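> Structure provided below as structure tokens; questions to follow.
The values are calculated or read from the model by the stated rules, or taken from the named source; none is laboratory data. Worth saying up front: this structure is predicted, and the values here are computed from it rather than measured. Please note: Cβ atoms are built from the backbone with ideal geometry, for glycine as well, and neighbour counts cover all protein chains shown.
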2 protein chains.
Amino acid sequence: MAYRATAFTENRKAQTRSRLLKEATRLVSRAGFRGLSIAQVASASGVATGTVYRYFPSKSELCIAVFEQATQREIDAVKAASRLPRPPLQQLEQAFDCFIQRALKNPHLAYALIAEPVDPGLEQTRLVYRGRWAETFAQLIQQGIDQGALAQQPAHLVGTALVGAMAETVIIPLQQARHEAGNHTPVTQAHCRQIIDFCRHAVLQTEPSS
Amino acid sequence: MAYRATAFTENRKAQTRSRLLKEATRLVSRAGFRGLSIAQVASASGVATGTVYRYFPSKSELCIAVFEQATQREIDAVKAASRLPRPPLQQLEQAFDCFIQRALKNPHLAYALIAEPVDPGLEQTRLVYRGRWAETFAQLIQQGIDQGALAQQPAHLVGTALVGAMAETVIIPLQQARHEAGNHTPVTQAHCRQIIDFCRHAVLQTEPSS
DNA sequence: CAAAGAAATGAATCATGGTTCACATTATGG
DNA sequence: CCATAATGTGAACCATGATTCATTTCTTTG
């Protein structure tokens, strides 16, 4: 018996892996998945290109890892923001607001996670997480229904629709801004207010669905 | 003066161009923009690859032309469907329904036009047309407001949100189905009904926005 | 320290598919 | 029919960037 990875080595490997992931995420936040090259990740992390392949079997897998980590972080943040002890409708608004505000904080990452064209492997993963986003909002809606604060409605579908609505109204304008001059945010707080109003009205449907 | 294009030649050129466009659109309807190669377009149209470049300066431009033609066709159809002399709310519902039904008829094309990852040049064009989609619905909403059938609301933003909501609830499930077994449509008419209900409720907001 | 197993290296390789271009073919007008 | 100009051809070219792998360096243990 001449070699067996020791705790120190295992730890170092874990550190390298998370450094790769962190630098890759940083690159994606700057230039999207499109701007992610193995060579860049390697040099930003202080390793050789070949080394990246010791930790991720392919670029696609690396992208997926970046995506999953970053998206899960967003979902967790939104869930945490809506967990405060409030009436269901206010919890929902907290969730909308958190989603939007975080997207504004890191618009490039938001675009990359939700809308940027990506390779098919990642697109499939994104599909899974779109479902999780919808489910996140659907749970809050369902609670509202159960507690009588919201009218009966198909919670999952409405959650899905709201995710789409927020993506379209928040992410797209941010993306447009990137192509135009200046770095000003075209999504003002007033705009955010309107988006949240839209979402509130959408779940506050009063008329029965005939 | 030894040569000047005659009407006959001009006509033949126009025919070739539209054949290229048509075959390219057919390929996109089958396999998305990802499945569009110059070589395939050429052979499907009965010309050599180089010939394609006599009509379109690059693949990107060809994709853009396909996209613009197909999307404009969709927008025109939705506008036509909503032009019937009806109360504003019913006109809107006609528009929603037309959008959804046409997407179901040609799910691959719908996905390609609205959600498929595409190259940056096309993505930019898509951004422009997303605005046109939003504007299409916004006009109907504004009419409803002007006629007192709908509450005061930011028509353009609501139009944008509805486009996002429909895209997310219709296109995404269709796309998921592609990855799974079977070719059955996971979007039933009942599902469509719910989507339209959601959209109606969203514009029928009764509560003033505080 | 020596042996042996892991891990790191990074230049060379490879795959893909858009794009070019020298040449062939066809259309026009005298 | 000839000269001229435009269009068609498709095999060769090229750019990009992921991936590989022979070699080197580092870790572990006896």
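> Output the number of the condition that A:ILE64 fails; it satisfies all remaining conditions of (1) among the aliphatic types (A, V, I, L, M); (2) closer than 27 Å to A:CYS192 by Cβ; (3) surrounded by 15 or more Cβ atoms within 10 Å (Cβ to Cβ).
Unmet condition: (2).
> Shifting gears a bit: Which helices (runs of 4 or more DSSP H) sit wholly inside region B:4-64 and have at least 2 residues that are basic (Lys, Arg), away from chain A (no Cβ under 14 Å) and near DNA strand D (Cβ under 9 Å from one of its atoms)?
B:7-31
> Same structure again: Checking the condition surrounded by fewer than 21 Cβ atoms within 10 Å (Cβ to Cβ), within 14 Å of chain B (Cβ to nearest Cβ) and modelled with pLDDT of 95 or more, which residue from A:LEU113, A:LEU89, A:LEU84, A:LEU122 passes?
A:LEU89
> Follow-up question, since we're still on this one. Could you check region B:56-88 and list, in sequence order, the residues that are polar (S, T, N, Q) and within 13 Å of the chain's Cα centre (by Cα)?
Selection gives B:GLN69, B:THR71, B:GLN72.
> Which numbered condition in (1) part of a helix (DSSP H, G or I); (2) within 13 Å of DNA strand C (Cβ to nearest atom) is the only one that A:GLN72 fails?
With respect to (1) part of a helix (DSSP H, G or I); (2) within 13 Å of DNA strand C (Cβ to nearest atom), A:GLN72 is out only on (2).
> Six or more apart or on different chains, Cβ under 8 Å: which pairs go from a residue in region B:149-163 that's at the interface with another protein chain (Cβ under 7 Å from one of its Cβ atoms) and over 16 Å from B:GLN91 (Cα atoms) to one that's among the hydroxyl-bearing types (Ser, Thr, Tyr) and buried (at least 21 other Cβ atoms within 10 Å of the Cβ)? Could you list them?
From region B:149-163, the pairs are B:LEU157/A:THR169; B:THR160/A:THR169; B:ALA161/A:THR169.
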